[in-house]
Amino acid sequence: MDMIITISSGFFLLIGSFLCFSGAIGLLRFPDFYTRMHAVGVTDTLGAGMILVGLMIISTDFLVFAKLAMVLLLTLLIGPTTSHVLAKAAFHNGLTPKSLSNQEKNNKEISSSNT
Amino acid sequence: MIAHLPILQVIIPLMAAPICLMLKRAQLVWLFSLIASGLAFAISILLLQQVMTSGVISYELGGWQAPWGIEYRIDKLNAFLLLIVSGISTVVLFAAQTSIEKEIPKNKHVYFYILYLLSLTGMLGIVATGDAFNVFVFLEISSLSAYALIAMGKNRQALWASYQYLIMGTIGATFILIGIGLIYQMTGTLNMYDLSQRLPEVAQTRTVFAAFAFVIVGVCLKLAMFPLHLWLPNAYAYAPSIVTAFFAATATKVAVYLLIRFTFSVFGLSFSFTTVPLQTLFMALGLIGIFAASTSAIYQRNVKHLFAYSSIAQIGYMIVGFSLSTVTGLTATLLHLFNHALMKGAIFLALAAVIYRVGNIELNNLRGLGRQMPLTMAAIVIGGLSLIGVPLTVGFVSKWYLLMALIEQGWWPVAVLILLGSMLAVVYVWRIVEAAYFKAPLDNSSPVKEAPMSFLIPIWTLIIANIYFGIDTRLSVQVAEAAAQSLFGVSL
Amino acid sequence: MIDIILLTLLVVVAIAIIRMKDLFAVVMLLGIYGLLSASFFVAMDAVDVAFTEAAVGAGISTLLMLVVIAMTGRKEKTNRHKPLPALCIVLITGGLLIYGTFDMPHFGAADAPIHQHVAPRYINDSMAEVGVPNIVTSVLASYRAFDTFGEVVVIFTAGIGVLTLLSVARRKEDAEKISSINDSMHEQHLVIRIVAKMLIPFIFLFALYVQFHGDFGPGGGFQAGVIFAAAIILYAMLFGLNTARKVINQTFIQLIAAVGVLLYGSVGIVSLMNDGNFFNYNVLASDPIAGQHLGILLIEWGVGCTVASVMMIIFFSFAGRLELHQHNERVKNQESS
Amino acid sequence: MLMDLFNHWVVITLMMSGLYIVIAHGNLIKKIVGLSVFQTSVFIFYISMAKVDGGTAPILADDIVQYSNPLPHVLILTAIVVGIATTALGLSLVVRIKEAYGSIEEESIQQQDNQQQDNNAHAKRKQEEEA
């Protein structure tokens, strides 16, 4: 039983770490604001979520489990919302996604200076 | 209740402040804060009596023993300072209602009194406490309320002055915090008495030296000692006049108290004056301060600016007396603390009265006021004479003691310089006398009446005290001497 | 190891703050600085402090600065007189401090003077004397209760100070007009409004938990107050200032701020009445430990009330000014066009 | 020896960068940011002296023998509150200064003040001449 718990929690933790890591790379490598935000969103929700699940599996104390569950719920609720708000704010302030503005060179500068 | 006097001293104005917020009506609030301040004054008199007869009072807050809990420790020095601060505050507050009528918008009057009381609380707390960190907390209470009070001034320069004061004051407070942290790290205690016992063991370490430097620089920033005085003139000149009167008479005094407390009691005499070359440094800075500030005062056109610079010069005298590190020198400093509070309180209150009637305080506006506001101008002149140090005023007493202390130690040249510095005071006081009595009023200025009684009573209370303590020196000298001796005798 | 990484990150952030010209970025970096130092405090076992620093350094102060930047513009002027004197002062001060470190006890050494004197009593005896597991709480609220009282008064002073500086007297119709325009802009935020509605009760619940659990774990009146205020501020940001003002009466929160200070102080006065020293909770009940518990509970409530209401006062004052600014600008634009 | 003091030195660097921002920068908000950095670094200094190797957070539990020192934690809790109070007041001053002067750069404010003083002096002199 212990074996299964350790392995499954390790599995979740690994996936979580991988997602966080890829999110970080995405933040650095993606071309414009919106795609970068997508990378961050992945880290925020899925990566952190997986790590929390992994930790929940190995937690022995019920209180710790419950607290982690609360944290997980909150991240699931807040993470996407903040991404949404950010994207909306950017869009309202006239930042266009890169694919829409490939013809105009100027926009590239705006997007890079704004991130 | 007698046993609880030390804490009541601070708690009464403190608790009065939030109650003021509930009273709402400005007049009521004024009366209430006047009563609170008056009570604090009464308590400080009782405390001074108690200390003079029975020695140091220690009050353990929360019932916890000293190094573990916070202790209020009232000795002769604190009691003397408490008396000065609460006394001046009460007298100044008496005139506040009339004065702020024209300087501060109606809807902010209540806030003004609350901040005034909090500022008073902060100063009393700094003086009464025997715990190094508690000093920092109360220092911040008094400073934060001071920033807000100064920013209430009519002109926009008040805002800028207040901002500069905020930056300098916070740097100073943070320096003090660093210094306290360093000594705490070396001794493991925050209680001042305990510190004075444990510091000699580690006195020769570099950490304690650095701590000393930080505390002194931080306090000197608050004190506006000569090279660190840049924030003071504007802050005093642009603040509401009542605030200027209150701060000029008390705030720097509290900082001088902190300087004395830290050098003499906490770090100890032998460390402060033998290990560190404090004597020459402070004497030089004090003297330069006297001359530089007095010279700037001569060239000021705004009378409030003029007296603000004069305040910096007076701080110089206190520093010179302090730097001698003898009983007479310290007595002179303490006397000058008391006397300067009396004269600057009176002068700035009189200026507040002039502003109330004339609206402006440039030298030109004083023209002809000698005839139109005889009592107010007479008060300014007597205060000015006191600043110069003319016999029969308090200024003479403290200068006399300072000179005695200098001659006692054989510092003849410094004594001569001090006298020369007083000559500079003659020049700037003369400029005011000239404008007020010997120049015709400007054509376009309308004649003004004498200041209302609510000004004249507090102004003349202070002026009479000025003359009384200039003639009958027993009381002030006795207390100052006893306080100085206690600092040299048994530590703390 | 972790502390060295955190410190390095802090240095990087500090340098970035010096070099950045965009105030918006500077403020965000300051928030990061606060959060990093909070993490450092956790690594140093100071959980209570970390909690507070995270709430204040990364939360409230960033928010206030952002509001101010919205009013003052976000660009720092580049030209600036020579930084050489500043560098001199900094080098002298820093040099002095480094000189001071040479005789300092080593980092983490258990035999340093601070661990030998005063502190051992808190660690060994506080359970018997105060009866609260969280030593920080027992020192904060009992041994050094007067410092904490001073802290509450500092916050109160700041609240009154901000009010004197920023409160705007305006007629009611004007207020309605200004706010109605601003409120209409908030209508678009459907998603966050719904999420916030779900979250706000939980934030309140958490604030209460922190308030009452301060005796057993990290937390206490100050943190609870900040969290409570954060919920209200969130509400105000999403539903408009005017709506929030209707929910929370401005005179009422000023009153609560005063009541908090008074509650704290009157605990001391009651102990004076019962022949104890100021803040001696032992005399509050027949059993000293019960008295301590009662005293700590009451003063933590005082702290919580004052902090929560002052934070709200500060936010409402700043946001009210911002609203006025935006309104004035809009009027100006209309006139010019 | 070096490693033991290294932490302190880094913290001192942090403090000094805060102080540098306050003194060298002319933007009023940046100055307050600098103050904030300066103060926070002093907090870090206090907290790091409370740390005991192998200690844990000072919350009493049964199976723990070594606790970190709680006293600096208490002091810094108070100091953080003082810090935010100062920041709030400073920022409200900045807002008012911006309204009164139209700028938040030290140089331009100083310039405006000097100009005003000169103008006043000029007006005064005229007045005197007339008188």
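The values are calculated or read from the model by the stated rules, or taken from the named source; none is laboratory data. Being a predicted model, the structure only gives us computed values, none of them experimental. Here Cβ is always computed from backbone atoms with ideal geometry, including for glycine, and neighbour counts include all displayed protein chains. Remember, those area values only see protein heavy atoms, side chains included, never the ligands or the DNA or RNA. Shrake-Rupley method; radii C 1.70, N 1.55, O 1.52, S 1.80 Å.
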Checklist line | Chains C and B, summed buried accessible surface - 1.4 Å probe, Å², nearest 100 | finding: 5100 Å²
Item checked: Label zone at C:Leu87, where the point sits 7 Å out along the Cα-to-Cβ direction: segment C:1-44 residues whose backbone N lies under 15 Å -> C:19
Next item on the list: State, to one decimal in nm, how far the label point of D:Ala61 lies from the label point of C:Val191, with both points 7 Å from Cα in the Cβ direction.
Entry: 4.0 nm
Margin query: Give the average, rounded to an integer, of partner chain Cβ atoms located within 10 angstrom of each Cβ in C:270-280.
Written below: 5
Margin query: Looking at chain C as a GNM with Cα springs under 10 Å, which of C:Val13, C:Val47, C:Val195 has the largest mean-square fluctuation?
Written below: C:Val195
Checklist line | Residue-level accessible surface for A:Cys20, protein heavy atoms, 1.4 Å, Å² | finding: 40 Å²
Notebook entry, point to check: Rounded to the nearest 0.05, what FRET efficiency do B:Gln485 and B:Leu375 have when you use their Cβ-Cβ distance and R0 = 60 Å?
Noted result: 0.90
Checklist line | Peptides ranked, highest mean first, by Cβ atoms within 10 Å: ranges C:248-254, B:265-271, C:218-224, C:129-135 | finding: C:218-224, C:129-135, B:265-271, C:248-254
Item checked: Nearest-20 debye value, segment C:1-76 charge dipole, Cβ charges on Lys, Arg, Asp, Glu -> 440 debye
Next item on the list: Please report, in debye to the nearest 20, how large the charge dipole of the protein assembly as shown is about its Cα centre when each Lys and Arg carries +1 at its beta carbon and each Asp and Glu carries -1 there.
Entry: 3240 debye
Next item on the list: Quickly rank B:378-384, D:100-106, C:329-335 as a protection proxy: mean count of other C-beta atoms within 10 Å, highest first.
Entry: B:378-384, D:100-106, C:329-335
Next item on the list: Quick one: check the C-alpha center-to-center distance for segment B:98-161 versus segment C:15-88, whole angstrom.
Entry: 27 Å
Next item on the list: Evaluate peptide D:100-108: per residue, the Cβ atoms of other protein chains within 10 Å of its Cβ; return the mean as an integer.
Entry: 4
Checklist line | Per-residue ³J(HN,Hα) for segment C:60-72, Karplus 6.51 cos²θ - 1.76 cosθ + 1.60, θ = phi - 60°, Hz, x for Gly and Pro | finding: 4, 5, 4, 4, 4, 5, 4, 4, 5, 4, 4, 8, 9
Next item on the list: Note down the relative contact order for chain D as a percent, whole number, built from C-alpha pairs under 8 angstrom at least six residues apart.
Entry: 21 percent
Item checked: Label zone at B:Ile45, where the point sits 7 Å out along the Cα-to-Cβ direction: segment B:304-342 residues whose backbone N lies under 19 Å -> B:338-339, B:342
Checklist line | Charged-residue dipole, Cβ positions (Lys, Arg, Asp, Glu), segment C:134-337 about Cα centre, Debye nearest 20 | finding: 580 debye
Margin query: For the interface of C with D, what's the total buried accessible surface in square angstrom, probe 1.4 angstrom, rounded to the nearest hundred?
Written below: 7700 Å²
Notebook entry, point to check: With each pseudo-label sitting 7 Å past Cα toward Cβ, what's the C:Ala290-C:Val12 distance in nm, one decimal?
Noted result: 5.7 nm
Next item on the list: Divide by every residue of chain D the summed helix terms, -39500 (n - 2.57) for each DSSP H run of at least 4, and state the resulting mean residue ellipticity at 222 nm, rounded to the nearest 500 deg cm²/dmol.
Entry: -28000 deg cm²/dmol
Notebook entry, point to check: What FRET efficiency, computed as 1/(1 + (r/R0)^6) with R0 = 41 Å and r the Cβ-Cβ distance, is obtained for A:Leu77 and B:Met52, rounded to the nearest 0.05?
Noted result: 0.05
Item checked: Selection from B:Phe94, B:Tyr163, B:Asn360, by position along the positive dipole direction of the protein assembly as shown (Cβ) -> B:Asn360
Next item on the list: Provide the net charge surrounding D:Ala57, with neighbours chosen by a C-beta distance below 12 Å and charges set as Lys +1, Arg +1, Asp -1, Glu -1.
Entry: -1
Margin query: I'd like the Karplus ³J(HN,Hα) series for segment B:463-471: coefficients 6.51, -1.76, 1.60, θ = phi - 60°, whole numbers in Hz, and an x wherever there's a Gly or Pro.
Written below: 5, 5, 4, 4, 6, 4, 6, x, 9
Item checked: Karplus-derived 3J(HN,Hα), 6.51/-1.76/1.60, for each residue of segment C:120-127, Hz, glycine and proline x -> x, 5, 4, 6, 7, 10, 5, 4
Check: What FRET efficiency, computed as 1/(1 + (r/R0)^6) with R0 = 25 Å and r the Cβ-Cβ distance, is obtained for C:Leu205 and A:Ala24, rounded to the nearest 0.05?
Finding: 0.15
Margin query: Could you sort the peptides B:168-174, B:414-420 by per-residue average Cβ neighbour count (10 Å cutoff), highest mean leading?
Written below: B:168-174, B:414-420
Next item on the list: Considering the options B:Phe273, A:Thr82, A:Val71, tell which one lies farthest towards the positive end of the dipole of the protein assembly as shown, charges being +1 on Lys and Arg and -1 on Asp and Glu at the Cβ, about the Cα centre.
Entry: A:Thr82
Next item on the list: Have a look at C:Gly260, B:Trp68, B:Val390 and report the one farthest towards the positive end of the charge dipole of the protein assembly as shown, computed about the Cα centre with Cβ charges (Lys/Arg +1, Asp/Glu -1).
Entry: B:Val390
Notebook entry, point to check: Label point 7 Å out from C:Ile4 along Cα-to-Cβ: which residues of segment C:107-131 have amide N under 15 Å?
Noted result: C:107-108
Next item on the list: Would you be so kind as to identify all helices of chain D, as entire DSSP H runs, whose Cα atoms reach 20 Å or more along the helix's own axis and whose mean Kyte-Doolittle hydropathy is at least -1.0?
Entry: D:2-24, D:28-50, D:70-101
Next item on the list: Show the residues, 5+ positions off or on another chain, whose built amide H is closer than 5 Å to the amide H of B:Leu324.
Entry: none
Item checked: Per-residue mean of C-beta atoms belonging to partner chains within 10 Å, peptide C:15-27 -> 3
Notebook entry, point to check: For chain C, what does the alpha-carbon gyration tensor say about shape, rounded, prolate or oblate, given a ≥ b ≥ c as the root eigenvalues, a/c under 1.5 as rounded, and a/b over b/c as prolate?
Noted result: oblate
Check: Using the Cβ atoms and a cut-off under 12 Å, what net charge is assigned to the surroundings of B:Ile141, where Lys and Arg are +1 and Asp and Glu are -1?
Finding: -3
Checklist line | Listing of segment B:420-450 residues, each with accessible area lower by at least 20 Å² in the full protein assembly than in the chain alone (probe 1.4 Å) | finding: B:Leu442, B:Asp443, B:Asn444
Margin query: Give me the net charge for the shell around C:Leu36: Cβ to Cβ below 13 angstrom, other residues only, Lys and Arg +1, Asp and Glu -1.
Written below: -2
